[in-house]
Amino acid sequence: MPSHNFEQLVLLMRKLRAPGGCPWDAEQTHDSLKRYLIEECYEVIEAIDSGNDSHLVEELGDLLLQPIFHATIAEERNAFDISDIINSLCEKLIRRHPHVFSDQQISTSEEQIENWEKIKRHEKGEQRKSALSGVPPHLPAILKAHKITEKASRVGFDWETHDQVLDKIREELAELEETMAAGNTRRIEEELGDLLFAVVNLGRFLSIDPEDALRKTIHRFIVRFNFIEESLLKRGSTPRQSNLQEMELLWQEAKKSEKESAV
């Protein structure tokens, strides 16, 4: 297999965009590429979860293509190029790590996070009205909730023990049950949101990424449900032709198989 380098990748992208190149690549804009940037990020996460290095190499390559693509588009309108992006990044990394590249002393990752945010605010000249400012508005809801509670925690608005967070979850669950009994649709949505927010807060408190935890649960659900479908198919049946009791037994069988394979 031939060996390629970063410069060749940049030249390749320029050729794809040039006359006589690829029509699809030539039509793309910063806006049209937004969805692909998001998709590629999630595919990298999937590759990480798979533990397959070859898959991870491929998906990281697809993700790397996105900044190259955007840089090429910008270069065509004389706005900036990939060198500007790299220079900006290097300068930022040096600036935001004074404990590495200067004489500032930092001993913990928590101190570094706080110092990073302080430097970032200074760079942007931000006079934030709230300790919760600076969270990207388009983050997935669970990730956004996690970051919001993280920021609140940094200024002291936090529980002291995980038991207190569990009590809050129980409180929110009870309120949801009461609202459901009353049949108030608008309030049901509010209380369900409060419950989800409290559960996300517990994840942060336990140093567990709730987005990651939920994604893994979804994966387990799919694997177990596929087991149910395959088991029923062997019996000449389908989930629609089965009943909940039969499918629950197969679900428990799938869980047992998972535990045995994990030993």
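We did not get these values from a lab; they are worked out from the coordinates using the rules stated. Keep in mind that this is a model prediction, so the values were computed, not measured. Reconstructed Cβ throughout: ideal geometry from the backbone, glycine too, with neighbour counts over all protein chains shown.
For beta carbons closer than 6 Å, sequence separation of 6+ or different chains, a first residue in the stretch 149-162 that is under 14 Å from Glu117 (Cα atoms) and a second that is hydrophobic (A, V, I, L, M, F, W, C), the qualifying pairs are Lys151/Ala131; Lys151/Leu132; Val155/Ala131. A single member of Leu195, Leu166, Leu244 is more than 25 Å from Ile48 (Cα to Cα), among the hydrophobic types (A, V, I, L, M, F, W, C) and over 26 Å from the mean Cα position of the chain (by Cα), and it is Leu244. The set of residues in the stretch 34-77 being β-branched (Val, Ile, Thr) and over 17 Å from the mean Cα position of the chain (by Cα) consists of Val57, Ile68, Thr72, Ile73.
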